[in-house]
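Report on one structure; see the data block that follows.
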Amino acid sequence: MAKLSLRDQDFAPDFVESERRSAERAELMVQIDYSTVDEIFSEFTRDINEGGLFIETREPRPIGTEVALYFNLPGGGGGIETTGRVVRTTEGNATTPPGMGVEFDDLSAQDRAKIDRLVRTLRTGGHRH
């Protein structure tokens with residue numbers, strides 16, 4: 001018997017969309033270990049895709065800073081180790097946490113596929129624990 005999901009219910013589309021978005025944010029919490037030339041940090045992200053990620057931090061590095069990144073995605077498959085560059089920073093507000101956007105410099109095809117699978121799973125609401 002198929003598992004019932006929000007999509008199978010008769011909800012208004014905007015309700016389903018907002019519920020799906022909040023579920024994605026709640027379910028995806030990835031610890032990111034990253035380092036600059038002289039410091040090592042450990043923070044979290046709720047926002048990741050094939051091109052980069054957003055690291056939640058009260059002390060973002062300056063735009064242009066190169067960082068080495070290491071993280072494990074939910075569902076196993078091993079860790080991802082890559083480099084990136086800070087392309088955006090934000091002080092945060094009522095709806096957005098403070099932090100920095102990091103663009104991946106050199107992500108292997110295998111790691112890109114892992115991230116792509118996770119993103120697609122979250123978008124369809126099929127995240128497995």
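The values are calculated or read from the model by the stated rules, or taken from the named source; none is laboratory data. Given the structure is predicted, the values throughout are model-derived calculations rather than measurements. Methodologically, a virtual Cβ is constructed for each residue, glycine included, from the backbone with ideal geometry; neighbour enumeration extends over all protein chains shown. Heavy atoms of the whole protein, side chains included, go into the accessibility calculation; ligands, DNA and RNA do not. Shrake-Rupley method; radii C 1.70, N 1.55, O 1.52, S 1.80 Å.
Just to confirm a number: summing +1 for Lys and Arg and -1 for Asp and Glu over residues other than Ala109 whose beta-carbon lies under 12 angstrom from that of Ala109, what do you get?
Residues near Ala109 contribute -2 overall.
Counting Lys +1, Arg +1, Asp -1, Glu -1, what net charge surrounds Glu81 among other residues with beta carbon under 15 Å of its beta carbon? Could the numbers behind the result be given before it?
Working: positive: Arg112, Lys114; negative: Asp33, Glu66, Asp105, Asp106, Asp111.
Result for the neighbourhood of Glu81: -3.
For Leu73, the residues 5 or more places off, or on other chains, whose built amide H falls under 5 Å of its own are Ile80.
Overall, the range 43-113 carries a charge dipole of about 140 debye about its Cα centre when +1 sits on the Cβ of Lys and Arg and -1 on the Cβ of Asp and Glu, all other atoms neutral.
Just to confirm, what accessible area per residue do you get for the range 67-107 at 1.4 Å probe, in whole Å²? Don't jump to the answer; show the numbers that get you there.
Details: 2150 Å² over 41 residues.
Each residue of the range 67-107 exposes 52 Å² on average to a 1.4 Å probe.
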